[in-house]
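Q: Sharing a structure below in structure tokens format, with a few things to ask.
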């Protein structure tokens with residue numbers, strides 16, 4: 001799945017970089033390995049990331065949560081943010 005992943009040139013080297021929304025949903029997908037506290041911290045910090053023109057919306061987070069099949073896990077936390 002390549003949605004939420006951009007390819008950028010960094011000093012002439014092509015790098016694949018995931019979006020903030022994709023990173024947050026990946027944290028929830030691997031919450032058993034990294035800990036739920038890490039996923040919750042990522043979710044709390046996400047709306048302030050990405051600069052003025054690249055803020056992460058709840059809709060973006062919800063879209064990626066459905067794609068990664070963690071929507072049921074993230075639903076109560078996203079509802080609390082809304």
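Derivation of every value follows stated rules applied to the coordinates shown; laboratory data play no part. Since the model is a prediction, treat every value here as computed from it, not as a measurement. Here the Cβ positions follow ideal geometry from the backbone for every residue, glycine too, while neighbour counts run over all protein chains shown.
Q: Taking only C-alpha pairs under 8 Å that are 6+ residues apart, what is the relative contact order of the chain in percent?
A: Over the chain, the number comes to 25 percent.
Q: If one takes the longest principal axis of the Cα atoms in the chain, at what angle in degrees, from 0 to 90 and to the nearest 10, does the Cα axis of helix 71-81 lie?
A: 90
Q: How far apart, in nm, are the 7 Å Cα→Cβ label points at residue 18 and residue 44?
A: Those two pseudo-labels are separated by 2.1 nm.
Q: Give the label of the value calculated from the structure for Rg and Dmax of the Cα atoms in Å, choosing from (i) 13.8, 49; (ii) 13.1, 42; (iii) 11.6, 37.
A: Derived directly from the coordinates: (ii).
Q: Sum -39500 (n - 2.57) across every DSSP H segment of at least 4 residues in the chain, then divide by the residue count to get the 222 nm mean residue ellipticity, nearest 500.
A: Result for the chain: -15500 deg cm²/dmol, rounded to the nearest 500.
Q: Then there is this: Return the single residue from 38, 13, 70 with maximal mean-square fluctuation; model: Gaussian network over the chain, springs between Cα atoms under 10 Å.
A: Maximum fluctuation in the GNM of the chain, among the listed residues, is at 13.
Q: Quick one: check the C-alpha center-to-center distance for the range 64-82 versus the range 20-48, whole angstrom.
A: Between the Cα centre of the range 64-82 and that of the range 20-48, the gap is 11 Å.
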